[in-house]
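The values are calculated or read from the model by the stated rules, or taken from the named source; none is laboratory data. Quick caveat: nothing in here was measured; it's all calculated off a predicted structure. The area values use the complete protein model at the heavy-atom level, side chains included, leaving out ligands, DNA and RNA. Shrake-Rupley method; radii C 1.70, N 1.55, O 1.52, S 1.80 Å.
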Amino acid sequence: MFNLIERVTKSDWYTLITSIIKLLSLTTFLLTSFSLFFWGIGYAFLYGYYFGGEITETPSILEMLIRIVPFNFNSVMIISTFVICSVFCLFYIGILVKEKK
């Protein structure tokens, strides 16, 4: 029995399948994490824009998670795209300013 398990684990097919599964699981994890981060940026911006209120009444992150507002998926993705692009542009402008000095 142990001889069979040892032969299977050392075969080329087994190593190929396990490496494909490892690559697929890593890709899935990174894609899910990036998508959740992307969604969170757009949702946080829209939540703060519509329900932010005064500076003294700023909602906490816990309140944002408890009182979920059903924003349109397309709106959240468009806003998060704009926010991420503007952050990249500001970062690039900062690099250009540092190079000129």
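Descriptive notes on the structure:
- Kyte-Doolittle at least 0.0, axis length at least 18 Å by Cα - qualifying DSSP helices, the chain: 12-51, 73-100
- Per residue, in Å², the accessible surface of the chain once ligands and nucleic acids are set aside, probe 1.4 Å: 89
- Debye log10 I(q)/I(0) at q = 0.14, 0.19 Å⁻¹ for the chain, Cα point scatterers: -0.76, -1.01
- The chain, accessible surface, carbon-and-sulfur percent (1.4 angstrom probe): 74
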